[in-house]
Amino acid sequence: MCNQAADLDSIACCIVYGVSCDATPFVPIPREELHLRREAQWLLEECDISLDSIAFSGEMDPAEADQIVLVDHNVMSPESADLATKVTEIIDHHKDEFPLPVHKTIAATGSCASLVGKLLLERGTSLPPPLAKLLLGAILIDTRCLASRHPTTPLDREVAGQLAAVAGCDLQALYNKLWHLKSDLSVFTPQELLRKDYKKVAVQGVKCGFCAIYGALESISGHLMEEAQVFLRSRQLAHLAIMSAYYEGDTLHKELALLPDCDWNITTLAYLNSKGAQLEPKTVMDGIQVYNQKNTDWSRKQVLPLIKEMI
Ligand SMILES: [Mn+2]
């Protein structure tokens, strides 16, 4: 089972590990939402992966599975929280929050695909070139083509090298194509951008959503924050976080906004700062304060668990 956001890393891990275990890859988004992940859709086609071999949400009931392997996450979504006892294995690069003793391969790599690749290569599992390319694409997009700074680790580089040898492809060319597809936001409406890389958590009934967007928030045409208020209300969320990441030349920038404009969110922003987020007011969009997150090493992986602590 891949994570709720169903990003390329998660989808690649789910398909490749699923195929190698003779299990059905389950991607918990509607099939018609795959097109929002343009880089994933392109790479699946490029690697000749039939979409018929994947079960999307509504096409399979995970409650009927004998066993579940979680890849690229270890916190069950609110919808599947009661399936935790079916989980037999976890391969992930997020902070370990899974409460039960199952077989875990968890390490803070740039990409979960590096962990899946390492496991399969060590086991001597035959990895056809298209599947190696699928994992490799995920590693490249998550590590910005193995750039030297955080979050790339030596393991990401080692496994990417091994996968590239199997796949026989040019790293930079593959990365350039994927990055172009991922970073061109001009084809999406604000609502699509909010849905594209979305996770939610529920703590004692309080629902909090978290949208990741690859692009400067002010560069998005349309009223993003007004649309975000609609998104929040329609999903009955108490809180919604929006984090953006984008490059200006080689410099990575991140922005964070918490909706709605309320005291709880102001307290939460102060808490994030006390933990090292380095948030500074940047601009106000449709009445919502957007912060410059100067600690660009922090992604949703670090921020969402802290918001959960606050809830
Ligand atoms: Mn991941």
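Any read-out appearing in this document is the output of simple, stated calculations on the displayed coordinates, not a laboratory observation. Here the structure is a predicted model, which is why all the values come from computation and not from measurement. Positions of Cβ are generated from backbone atoms using ideal geometry, with glycine treated the same way; all protein chains shown enter the neighbour counts.
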Inset, instruction - Kindly provide the Kirkwood hydrodynamic radius of the chain in Å, to one decimal, from all pairs of distinct alpha carbon atoms. - result: 19.9
Inset, instruction - Bin width 10 Å, alpha-carbon pairs only: give the P(r) of the stretch 1-137 as whole percents, running from 0 to the bin holding the largest distance. - result: 12, 48, 35, 5
Legend entry - Förster-model FRET efficiency, 25 Å R0, V206 and V284, C-beta, rounded to 0.05: 0.45
Legend entry - Virtual spin-label span in nm between K104 and V230, 7 Å along Cα→Cβ: 4.1
Legend entry - Disulfide-incompatible cysteines by the Cβ rule (no partner under 4.7 Å) in the chain: C13, C21, C47, C112, C145, C169, C208, C211, C262
Inset, instruction - Could you check the simple spin-label distance between S126 and A147, using points 7 Å along Cα→Cβ, in nm with one decimal? - result: 3.9
Legend entry - FRET efficiency, 1/(1 + (r/R0)^6) with R0 25 Å, evaluated for A63 and E218 via beta carbons: 0.05
Legend entry - Sequence-distant lysines (8 or more away, or on other chains) whose Cα lies within less than 24 Å of K133: K118, K177, K182, K196
Legend entry - Exposure proxy order (Cβ contacts within 10 Å, fewest to most) of I242, I266, I49: I266, I49, I242
Legend entry - For the stretch 233-294, alpha-carbon Rg relative to the globular expectation (2.2 N^0.38 Å, N residues): 1.17
Inset, instruction - Anything over 18 Å Cα to Cα? Flag those among K254/K308; K95/K301; K95/K282, in the order listed. - result: K254/K308; K95/K282
Legend entry - Estimated FRET transfer efficiency (K95, S274; beta-carbon r; R0 25 Å; 0.05): 0.85
Inset, instruction - For the chain, give the share of DSSP beta bridges that are antiparallel, in percent and rounded to the nearest 5; count only bridges with both residues there. - result: 60
Inset, instruction - Any chance you could run the full-extension gain for E32 through D48? It's 0.36 nm times the residue separation minus the Cα-Cα distance, nm to one decimal. - result: 3.9 nm
